[in-house]
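Read-outs throughout are calculated quantities, based only on the coordinates presented, and are distinct from any laboratory measurement. These numbers were taken from a predicted model, which means no experiment stands behind them. Counting neighbours? That spans all protein chains shown, and the Cβs are built from the backbone with ideal geometry, glycine included.
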Amino acid sequence: MRLRLPSLTVAITAAIAVLTLAGTGCGPTHSGDDVRDDDAAPRKRAASVARAAREARDDQSDQDRWKLVWSDEFQGPARRGPDRTKWGFELGGEPKWGNHEWQYYTDRPSNASLDGHGNLALTARHERLRGMRCGVGPCDITSARLTTKGRFARAYGRFEARIKIPRGQGLWPAFWMLGANSDRVTWPANGEIDVMEALGREPGTAHGAIHGPGYVTQGLERHTALPRGASLADGFHTYRVDWTPDKVTWYLDGTTYGNACKNQLRRGQRWVFDHPHYLLLNLAVGGDWPGPPDRSTPFPARMLVDYVRAYAPQR
């Protein structure tokens, strides 16, 4: 969510596409191992059954490796605020955020509250409130930014959220992490892990990135696009990273689409992902990367979060 370059146009292909903007990564990325011999239907079926069985075993084995250590399932009545023992609010407008964003963050239920159906709703609204001060834009958009800073942080593990993003020019939903030493060490030396960012005008593409010293503006970034022009805004999807001492790996709906590794850093770059990070959820509007909203942007715009979960490796 920091200092992004202007938008990149990502072509949506007929299958999940992976684009690597910085480095080659430290391991292969894949989008499946489909059998392509159309003249061997029985063999295809047998391979499919065997693959499904293998994947089921792998999924179970993978789940056995992790234990849940923190979560929020967002259960409760509509318009109740998020659990204050788990989440705090970051408030105000630019120049706090560093991206020339247009929104002004509040802690009002109309910008962040449960929807009564097991989701947290972060809502961007086209409105002007008394007392709003913004360094960029017309200062007529409110939204919300939640953080677990001071409440929960950890180093290494699995971090995931199930989210339905909004679509629309200028909308910029995100689920991400910042180094918990941010009060002592300035960004980017504290580290940033973007589990999911999306552009409302390109809702078929999920972005993941890390930012640290020497890879500030663009970061080490990976993308994935949904097949056949599908949109992430049409339903809920699960966004996840697995973080180890020397690697961050990104997943969309359980499928790996890229990684960033300590051993791929170049001269002048430094790995700073060796200490606890806290979690953030926000719905930004405008900024250098997504560009400003326009007349086509739907307001109110909602980012729905079904759950956020953090896991530690089983010992």
Over the stretch 112-196, what is the relative contact order in whole percent, taking alpha-carbon pairs under 8 Å and six or more residues apart?
18
Over the stretch 200-315, what portion of Cα pair distances is larger than 16 Å, expressed as a whole percent?
70
So Leu91 and Asn263, fully extended at 0.36 nm per residue minus their Cα-Cα distance, gain in nm 58.2 nm
Cα-centred dipole magnitude for the stretch 149-275, charges only on beta-carbon of K, R (+1) and D, E (-1), debye, nearest 20
120
Selection from Leu226, Tyr278, Ala209, by position along the positive dipole direction of the stretch 192-296 (Cβ)
Ala209
Can you give the charge dipole size of the stretch 205-306 about its Cα centre, rounded to the nearest 20 debye, using +1 on the beta carbon of Lys and Arg and -1 on the beta carbon of Asp and Glu?
300
Separation of the Arg128 and Arg84 label points, Cα + 7 Å toward Cβ, nm
3.1
Enter the per residue convex hull volume of the stretch 247-315, computed from alpha-carbon coordinates, in Å³ rounded to the nearest integer.
190
Alpha-carbon Debye profile of the stretch 105-260, log10 I(q)/I(0) at 0.09 Å⁻¹:
-0.33
Two-site FRET efficiency, Trp66 against His117, from Cβ-Cβ distance with R₀ of 22 Å, rounded to 0.05
0.25
As straight-line cross-link partners of Lys67, the qualifying lysines (C-alpha separation under 24 Å, not fewer than 8 residues apart within one chain) are Lys86, Lys149, Lys247
Take each of the peptides 166-179, 125-138, 147-160, average the number of other beta-carbon atoms within 10 Å over its residues, and list them starting from the highest.
166-179, 147-160, 125-138
